[in-house]
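Working notes, beginning with the structure itself.
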Amino acid sequence: MIGRLRPGRAHRWQPLRDATEEVACPLCTDPRRALVHADGGWRYVRCAACAHVYLSPRPSDEALREAYRTYLPCDEEGWRARYAPVVDDALDVLGKPGRLLDVGSGFGHFLAAARARGWRAEGLDVAASGDARQGSIEDAACSAFDALVALYVLEHVPDPRAFLRAAKRALLPGGRLLLRVTDTTPLVRLLRPFGAADGLYHAPWHLHDFSPRTLDRVLGEEGFRVERSWSGPQGWPL
């Protein structure tokens, strides 16, 4: 397996050697794995120890940083319309407004909606856009936020545990973390016999595919108490 990043949007990734790296399980470091699905030269595998599904080989960190400069879709209004139910769903469960950090702000749709509901909201994104400042979760102030939101972010980060530890540092005691992630493997399993499973993992942008059970387990191991875990309107666990 070889891979290289070509400039442009996600669909222009092409497999070549010098932009990929083999990785052990990002959650438990066990190197044993079995193939789940191959898609356009990319391979999603399941850890033999903890059952986490992840991409290996995957783009190098440097290649990913370069790629995210042009990651956002061209059709902002179309994305806003599709994203609106996700934003409303997330804000409905957060409770009383306070100080909030939105990690992976993208166009800033969630930021604007949160502020409209009374939150003192700040945004971080690897490619600053709108009101969000450029940076990663490691740049967040410690013990500063009542809530931290990451919508469709955790599946993109190379080290999910490091992300969760940084999120915990950023939250005030009793603060709430709200994650939304993709859970694609069940759909791939359902559609593969019909030849309709390719492209569903959004390879190679999604480095992980989290089942609700895996996500709940990792959150508990990193010191969070899971209040709720459920599937959203598009079948993605929240």
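The values are calculated or read from the model by the stated rules, or taken from the named source; none is laboratory data. All values derive from a computational prediction rather than experimental measurement. Heads up, the Cβs are rebuilt from the backbone with ideal geometry, glycines too, and the neighbour counts pull from every protein chain shown. When the accessible area is computed, the model is the full protein with side chains, heavy atoms only, and any ligands, DNA or RNA have been set aside. Shrake-Rupley method; radii C 1.70, N 1.55, O 1.52, S 1.80 Å.
A single member of 172, 177, 154, 207 is within 16 Å of the chain's Cα centre (by Cα) and either open to solvent by 10 Å² or more (accessible area, probe 1.4 Å) or more than 30 Å from residue 22 (Cα to Cα) (or both), and it is 177. Selection within the range 61-80: residues that are of a type in the set (Asp, Glu) and in a helix (DSSP H, G or I). The member of this set that is modelled with the lowest pLDDT is 76.
Only one of the listed residues (169, 161) is under 22 Å from residue 102 (Cβ atoms), touching a residue at least 60 places away in the same chain (Cβ under 8 Å) and assigned to a helix (DSSP H, G or I). That residue is 161. Say whether the condition of being in a strand (DSSP E or B), more than 17 Å from the chain's Cα centre (by Cα) and surrounded by 19 or more Cβ atoms within 10 Å (Cβ to Cβ) is met by at least one residue in the range 131-143. Taking every residue of the range 131-143 in turn, none turns out to be in a strand (DSSP E or B), more than 17 Å from the chain's Cα centre (by Cα) and surrounded by 19 or more Cβ atoms within 10 Å (Cβ to Cβ).
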